[in-house]
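Shown next, in structure tokens, is the structure this report addresses.
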Amino acid sequence: MLIASYSFGSKENMIGDTSFYDKSKGYGFVDLSSPIGNTASERSLYAGGWNLRKSYKTPWDDIVTATDNGVYINHSRDVIIFKSLVPDFGTYKITLNVNADKGDIKDMRIFAGRRNLIASEIDVPLGGSYSRSFYVNVTPYIPALTSVPCMEKAVYISITGKNAGISKLDIVQDQVPVLYVAGDSTLTDQNAPAPYYPYGSGGGWAQNIAQYFENLSVCNYAHSGLTTNCFRDDGHWDILTKSIRKGDIFMLQFGHNDQKRRNLTAFGGYINNLRWYVKKIREFGAYPIICSPISRIPFTDEETGQKCSLLKTYALAARQASEELNVPFIDLHTLTFNKWIELDDRANDYFMDQTHTNDYGASLIAGIVADEIRNNNIEPLCNFISPADPTPFTPDLDIKELPKEPEESSIFDINIPYVDIEGIPQYGRIATAFKGGLLDPCIMYLHPMQTMPRAQVLMVLFKALRIEGRRPYHGRYIDIGRYEWDSSFVETCVQENLIDENTTPNDMFRPDDPLTYAEFASLCERGMEKEILKRPDLGLSECLHRAVADGIVPPEAVYIDPSSFDSSDITDGGCPITRADVYAGLCRVMEIMNTIGTKLPSDTEMHPVG
């Protein structure tokens, strides 16, 4: 069913270059100079995944030009975004026509939805024309940095490139199979600033996968910060189940955040969750595909000289789950790990940081995924691979010439996003801890009354103390692996005398045991003691006394009598501390050390959501 047909240009009854979006008429160009929201993520929410660079002052009249045959961009890196409301959630066939009326079109890129790349490197000579049909999926979704779903029913088409433009656009409601994607920040739809510089624009690989398919719609539910648990618990899974149908495809890639949770070990909670998703997807009559997590930029083990990854065990677990359940498997971890080694120092041109790719890296990985689907005949996706076979675009000559921007608002300036802490006594301290960068802004539940494993507390403790993890891990404790996520924190603890030996009997760190109030007090008080050689003299009993006096540990939460404390018996270290009291206590540590508002440690892994 035809929903809308738009013609663009300077003639009467055409959509001209000053026809901005208005809700009453339901269509128009998006004015990036009048954004809604404080963060880049908020500003891009109703702008097709784009936000205007604060340094960019060019007026709209200088950005676009209308001719009799279309509306065109005057500067190659500018972006024009057209928005049209649609009546329902679901799939829509889009047909876009562009007449090269202003000049030769060079390197035109077409995006749909939240910056989903549809086509790139399009060249059209003056007087020529270009047409492309593709499918988009309009769906509710939970945006970054909020727990409130976006319920907008709209199609977004974005275009950039020299003399690029739009002449005609048809929107037809049409049902086709859907590829649903679940995962974390490495494959989510990232926002980007306009004018568009791929080198400085974060991108997830699933944001770039639609260009490889025909007669198929892509619906990307990947979200920054998610684990295999969070995707289900935070509401993303519920949204997906309301629309998935028999014959659809479900592709998932997790691991980056699972490895930071002690209850989601590779062959424990993680693999069990993969099994759960496969079972549920098959109950819908849909087809599951498992991807191992992409590799971060490999680091070199200084002692062995080997290139290393911290996600290998998760890749092995993903493979085991796929073999056990007879599910197609794409070993993205091995494929990307080898690719980054091949690129050597040039790998940095494909990343925003050690973990998150820019649009070049996202495009490269999407191409790898498409090749695996095609070469291994992964059903049923291989039936939808486009014969066009686009080539991933690579860093151009000016990749590092980015405009200088005023500092963006911190993502920690937003309202605290957690839905399960309202009304608890520690709320104020937790809010301050959030502003200090201790907590993940991309998740919905903090689980304040749950306990925290001993190893898991180290990552947030190090943020509060503003210290970094160190590698390689020298194996002080037999229950910590050399290439575990937590091993760098444990190594620093050993070198900095942060651990009371009474809490680690038989060379066991006890990483999965619940942290007690006394153990937490010990870590905090030793961490605040500036003289490293004095730290071993601070026993558990003294640290507990100090922490109570410093307001780090609430006296009423410790059921032991400090005056009769037996430091030789770790079971006499108090009851397990709640997460709420951990975050509240670390807030107090930052207040004492005056680190609130200072820079986080350089090894802090931040989600590039803006």
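The values are calculated or read from the model by the stated rules, or taken from the named source; none is laboratory data. From a predicted model like this one, the values you see are computed outputs, not experimental measurements. Glycine also receives a Cβ, built like all others from the backbone with ideal geometry; neighbour counts cover every protein chain displayed.
Could you say whether any residue in segment 545-564 is in a helix (DSSP H, G or I), at pLDDT 90 or above and touching a Lys or Arg at 6+ places or on another chain (Cβ under 7 Å)? Yes: segment 545-564 contains one or more residues that are in a helix (DSSP H, G or I), at pLDDT 90 or above and touching a Lys or Arg at 6+ places or on another chain (Cβ under 7 Å).
Answer yes if at least one residue in segment 88-95 is polar (S, T, N, Q), farther than 23 Å from residue 178 by Cβ, in contact (Cβ under 8 Å) with a residue 60 or more places away in the chain and surrounded by 20 or more Cβ atoms within 10 Å (Cβ to Cβ), and no otherwise. Even if it seems obvious, please write down each step before you answer.
First pass over segment 88-95, keeping only residues polar (S, T, N, Q): 91, 95.
Then keep just the ones that are farther than 23 Å from residue 178 by Cβ; that gives none.
Checked against the condition, which is being polar (S, T, N, Q), farther than 23 Å from residue 178 by Cβ, in contact (Cβ under 8 Å) with a residue 60 or more places away in the chain and surrounded by 20 or more Cβ atoms within 10 Å (Cβ to Cβ), segment 88-95 yields no hits at all.
Of all the residues in segment 503-535, those that are surrounded by fewer than 17 Cβ atoms within 10 Å (Cβ to Cβ), of a type outside the set (Lys, Arg) and part of a helix (DSSP H, G or I) number 5. Residues that are crowded, with 21+ Cβ neighbours inside 10 Å and within 22 Å of residue 201 (Cα to Cα): does segment 102-109 have at least one? Within segment 102-109, one or more residues are crowded, with 21+ Cβ neighbours inside 10 Å and within 22 Å of residue 201 (Cα to Cα). Here segment 176-206 is the region considered, the condition is being assigned to a strand (DSSP E or B) and β-branched (Val, Ile, Thr), and the residue that is nearest to residue 380 (Cα to Cα) is 178. Could you tell me which residue of segment 346-397 is surrounded by the fewest Cβ atoms within 10 Å (Cβ to Cβ), considering only residues that are in a loop (DSSP other than H, G, I, E, B) and small (Gly, Ala, Ser)? Result: 388. There is at least one residue in segment 470-478 that is touching an Asp or Glu at 6+ places or on another chain (Cβ under 8 Å), free of Cβ contacts under 8 Å to residues at least 24 places away in the same chain and among the aromatic types (Phe, Trp, Tyr). Here the condition is being closer than 30 Å to residue 104 by Cα, within 16 Å of the chain's Cα centre (by Cα) and in the same structural domain as residue 266 (by TED's automatic domain parsing); of 255, 225, 183, 203, it holds for 203 alone.
Do we have residue 443 as farther than 17 Å from residue 579 by Cβ and out of contact with any Lys or Arg (no Cβ under 9 Å at 6 or more places or on another chain) here? Against the criterion (farther than 17 Å from residue 579 by Cβ and out of contact with any Lys or Arg (no Cβ under 9 Å at 6 or more places or on another chain)), residue 443 does not qualify. The set of residues in segment 1-60 being touching a residue at least 12 places away in the same chain (Cβ under 8 Å), in a strand (DSSP E or B) and over 15 Å from residue 191 (Cβ atoms) consists of 2, 3, 4, 5, 6, 7, 8, 15, 27, 28, 29. Among all positions in segment 267-289, there is at least one residue which is assigned to a strand (DSSP E or B), under 21 Å from the mean Cα position of the chain (by Cα), in the same structural domain as residue 184 (by TED's automatic domain parsing) and within 20 Å of residue 369 (Cβ to Cβ). Taking the numbered list (1) touching a helix residue (DSSP H, G or I) at 6+ places or on another chain (Cβ under 8 Å); (2) surrounded by fewer than 24 Cβ atoms within 10 Å (Cβ to Cβ); (3) closer than 30 Å to residue 57 by Cα in turn, residue 204 passes all entries but (2). If you check 144, 182, 154 for being in contact with a helix residue (DSSP H, G or I) (Cβ under 7 Å, 6 or more places away or on another chain) and closer than 28 Å to residue 23 by Cα, only one passes: 144.
Selection of segment 460-479 for residues being crowded, with 19+ Cβ neighbours inside 10 Å and either among the acidic types (Asp, Glu) or assigned to a loop (DSSP other than H, G, I, E, B) (or both) yields 469, 471, 473, 477. A count restricted to segment 1-21 and to residues that are at pLDDT 95 or above and closer than 30 Å to residue 176 by Cα stands at 7. Contact annotation: residue pairs with Cβ atoms under 8 Å, 6 or more positions apart or on different chains, pairing a residue in segment 504-518 that is under 18 Å from residue 574 (Cβ atoms) and of a type in the set (Lys, Arg) with a partner that is at pLDDT 95 or above and surrounded by 14 or more Cβ atoms within 10 Å (Cβ to Cβ), are 510/454; 510/479; 510/504.
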